[in-house]
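The values are calculated or read from the model by the stated rules, or taken from the named source; none is laboratory data. Just so it is clear, the structure is predicted and the values come from calculations on it, not from any experiment. Don't worry about glycine lacking a Cβ; one is built from the backbone with ideal geometry, like all the others, and counts go over all protein chains shown.
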Amino acid sequence: MAEVTYARNSPYARTKFYGNFLDVAQFPNIPKNADDVVFEINRTYQYRPDLLAFDLYGDANLWWVFALRNPNTIKDSIFDMRAGTKIYLPKKSTLDSLLG
Amino acid sequence: MTGLENDFESGGVSRNILSSSGTSALANSLSPGNSSGARLAQAGLMAGATGLLKDIAGSVFNINFQNSDGSVIAPENDWRVRVSMSSQIANLFYDNPANTLMRPLNSQTGTSGVVFPYTPTVTLSHTARYGTQALTHSNYNSYFYEGSEIGAIQINGEFTVQNVREGQYLMAAIQFFRICTKMFFGRDEYAGSPPPLVFLDGYGDAYLPHIPCVVTQFSHTMQSEVDYVQIPIGVDIGSSGELPVGPPSPNDSYGGIVRLPTSSTITINLQPVYSRKNISENFTLENYARGLTIQGGNSTRGGFI
């Protein structure tokens, strides 16, 4: 059986395999930079982290970075993205250096 | 397992965006026809999460000229073309705390007079005037020196209005030159005095050495094919330049809304004038040639061109 490879923009890219199963999830630790932009989610991006990621970073597969950057605010990556919620947005340069 | 494998792989292979340059991504997202750019603009965001749009408002042109380390260059060390007033006269106008209309020109918080944000077209002329005498039975005229003069300095500069800060600056500049073509009149403290003298600086002391001038003509050309933007005048704006933060106090000058062209041209004619005392005490051709009359633009012997 071929070994599964996760893309570098996947949240599971760093998670190891244990036999045929994924090991305990190892999510990237997104740095909390002081100059990260604070964004109040509007109706356009409500429940649409994929759309926000696409517009900001050009890659909808990075939908998960907002939850990892804002663990106290966003527990559910999708349904906690409600309009009016203020979140920090990691910079593209940060993600570039983090994800390679 | 193969299908699962393909699903995982497709996420990374189909859109390998992370390696694209931030600059091009920013340019693409801000292009008018780009739906991502439209959504981001509506949300006040910039591509790459590099900042908020309001953070760059007011910094489109660099009014307060900055060094490479970010420190602000003092107006007297700025090489750009500047038209200013003496400190006594400036206290009546742009240095007057109650004059919110001209505050962008303030000596402490502004540019200490009008700075042309884009390199203007400047024309200087030096003339030696000779009279002619056509002698009888002569093949050549005789010439007799009569005098020399410096012609009016013509300055033609462009102003743009891309945000509130630039709009307020343009309005202040227009007000400045309007003032310079009016005399003190009526119930003025200095009623009867002629229009204020201005000083022209730029490109270093050796070229425009704080030349004392009078404004003989001012025109502001507003073209029909450009957009006009609504600008609040006479109100303070936030440090990021995005929004008015409050109306002027009752004792301040006019506050209201104007519409200004996004691109317009200001043309002025400045006639250099030198007092007889200054000329007789300070000017010698030898010193002039050595540049001694242009040393220290603020000194009493300065300003000769």
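Brief remarks on what is shown
- Residue pairs meeting the criteria (Cβ under 6 Å; at least 6 apart or on separate chains; first under 30 Å from B:Trp79 (Cβ atoms), in region B:122-137; second of a type in the set (A, V, I, L, M)): B:Val122/B:Ile155; B:Leu124/B:Ile153; B:His126/B:Ile150
- The set of residues from region B:143-192 being among the hydrophobic types (A, V, I, L, M, F, W, C) and over 29 Å from B:Thr262 (Cα atoms) comprises B:Phe144, B:Ile150, B:Met183, B:Phe184, B:Phe185, B:Ala191.
- When we screen B:Val245, B:Val214 for residues that are exposed (fewer than 15 other Cβ atoms within 10 Å of the Cβ) and either at pLDDT 75 or above or not in a loop (DSSP other than H, G, I, E, B) (or both), the only hit is B:Val245.
- Here A:Asp23, A:Asp35, A:Asp50, A:Asp96 are screened, and the one residue that is more than 9 Å from chain B (Cβ to nearest Cβ), surrounded by fewer than 20 Cβ atoms within 10 Å (Cβ to Cβ) and either at pLDDT 90 or above or within 26 Å of B:Ala41 (Cβ to Cβ) (or both) is A:Asp50.
Each row is one residue, and each column tells you yes or no for (1) at pLDDT 90 or above; (2) exposed (fewer than 15 other Cβ atoms within 10 Å of the Cβ); (3) acidic (Asp, Glu).
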| position | (1), (2), (3) |
| --- | --- |
| B:Ile150 | yes, no, no |
| B:Ile153 | yes, no, no |
| B:Glu158 | yes, no, yes |
| B:Tyr169 | yes, no, no |
| B:Thr181 | yes, yes, no |
| B:Phe184 | yes, no, no |
| B:Pro194 | yes, yes, no |
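- Note on region B:142-161: residues that are more than 20 Å from B:Phe283 (Cβ to Cβ), assigned to a strand (DSSP E or B) and of a type in the set (A, V, I, L, M, F, W, C) total 3.
- Residues that are in a helix (DSSP H, G or I) and either without any contact (Cβ under 8 Å) to a residue 60 or more places away in the chain or closer than 30 Å to B:Ser148 by Cα (or both), drawn from region B:90-121: B:Ala90
- Filter pass, A:Ser77 being over 17 Å from B:Met46 (Cα atoms) and within 12 Å of chain B (Cβ to nearest Cβ): no
- Taken as a whole, the structure places B:Thr132 among residues that are over 22 Å from B:Leu208 (Cα atoms) and not in a loop (DSSP other than H, G, I, E, B).
- Unique match (being at the interface with chain B (Cβ under 10 Å from one of its Cβ atoms), surrounded by 18 or more Cβ atoms within 10 Å (Cβ to Cβ) and touching a Lys or Arg at 6+ places or on another chain (Cβ under 8 Å)) among A:Ala67, A:Ala60: A:Ala60
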